[in-house]
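One structure is given below, encoded as structure tokens.
The values are calculated or read from the model by the stated rules, or taken from the named source; none is laboratory data. Because the structure is a prediction, the values reported are computed rather than measured. A quick note on method: Cβ atoms are made from the backbone with ideal geometry, for glycine too, and the neighbour counts reach across all protein chains shown. Just the protein is used for accessible areas: all its heavy atoms, side chains included, with ligands, DNA and RNA removed. Shrake-Rupley method; radii C 1.70, N 1.55, O 1.52, S 1.80 Å.
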Amino acid sequence: MSKQTPPSPSALRVADLNQNSATAFALRPEAEALKAIAAELDLLGLRKLSFAGDVTAQGRSDWHLSAKLGATVMQPCSVTLEPVTTRIDVPVTRRYLSDYVEEDAPEVEMPEDDTCEPLGHWIDPEQVMIEALVLALPLYPRSDGAELGEMVYSEPGIAPMRDEDARPFAGLASLKDQLSDPDKDKG
């Protein structure tokens, strides 16, 4: 009987984990691995990626991964495309459940506890690290002072509609002031 091939060098075989004590792990990918991860995630750069924590038994057959993710990422600004550097430091938790049942329906509600996953033969901290990094990335990074601005278009001879004109309640504050102070307009 041959052993299964681990999904990554850091993967922990569940059958080999100690039920009575925590199994620690610490990942710090080398420069080549950082370049590969950055390319996979469409990042301009990735530095100081670290993922350290432990896996502990939870009950008789479930496992709990608790770790800290740290990374410095460089992404393009969502407005100017200039490089934006962001520091990420987040706690990461995953619970691996032996009796996890995944819904197989066309529409499924998101569970309240999104840290639960089905327990397989391996717990892979490297996979969790990359997933946690993706979830922690800023969706719309902005460089200092970057603003979207306003584009105004209209046909010749017609007053263009601005963003402020599209807000129906924008003028209510001044109207309220006029109604509460009737002497204001009599000047």
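A cut-off of 5 Å between modelled amide H atoms, ignoring neighbours fewer than 5 places along the same chain, links Tyr100 with Leu119.
Karplus-based coupling profile of the range 114-128, in residue order and whole Hz: 8, 8, 8, 9, x, 7, x, 7, 10, 10, 10, x, 5, 5, 5, with θ = phi - 60° in 6.51 cos²θ - 1.76 cosθ + 1.60 and x standing for Gly or Pro. Give me the distance between the Cα centres of the range 2-45 and the range 112-138, rounded to whole Å. Cα centroid to Cα centroid, the span is 11 Å. Using alpha carbons only, the radius of gyration of the range 1-100 set against its Kirkwood radius gives Rg/Rh = 1.08.
Expressed as a whole percentage, what fraction of the accessible surface of the range 1-108 belongs to carbon and sulfur atoms when a 1.4 Å probe is rolled over the protein heavy atoms? Spell out each step's value before the answer.
On the way: 3450 of 6950 Å².
Of all accessible area on the range 1-108, carbon and sulfur atoms account for 50 percent.
Pulled fully out, how much extra length does the chain show between Gln127 and Arg142, if you take 0.36 nm times their separation in residues and subtract their Cα-Cα distance? Mind showing how you got there, number by number?
Values: separation 15, 0.36 × 15 = 5.40 nm, distance 2.78 nm.
Length gained between Gln127 and Arg142: 2.6 nm.
Which of the peptides 120-132, 70-82 is most tightly packed, and how do the rest follow, going by the mean number of other Cβ atoms within 10 Å of each residue?
Details: 120-132: 18.8, 70-82: 16.5.
So the order, starting with the most tightly packed, is 120-132, 70-82.
3J(HN,Hα) couplings calculated from phi for the range 41-56 with the Karplus curve 6.51 cos²θ - 1.76 cosθ + 1.60 (θ = phi - 60°) are, in sequence order, 9, 6, 9, 6, x, 8, 9, 6, 7, 9, 8, 9, x, 8, 10, 10 Hz; Gly and Pro show x.
Full extension of the segment from Asp114 to Asn18, taken as 0.36 nm per residue of separation minus the current Cα-Cα distance, would add 32.0 nm.
Do any trypsin sites (Lys or Arg not before Pro) in the range 19-108 lie in a loop, going by DSSP, with at most 11 other beta-carbon atoms within 10 Å of their beta carbon, and if so which?
Working: sites: Lys35, Arg47, Lys48, Arg60, Lys68, Arg87, Arg94, Arg95; in loops: Arg60.
For trypsin sites (Lys or Arg not before Pro) across the range 19-108 that sit outside H, G, I, E and B with at most 11 neighbouring Cβ atoms in 10 Å, the list reads Arg60.
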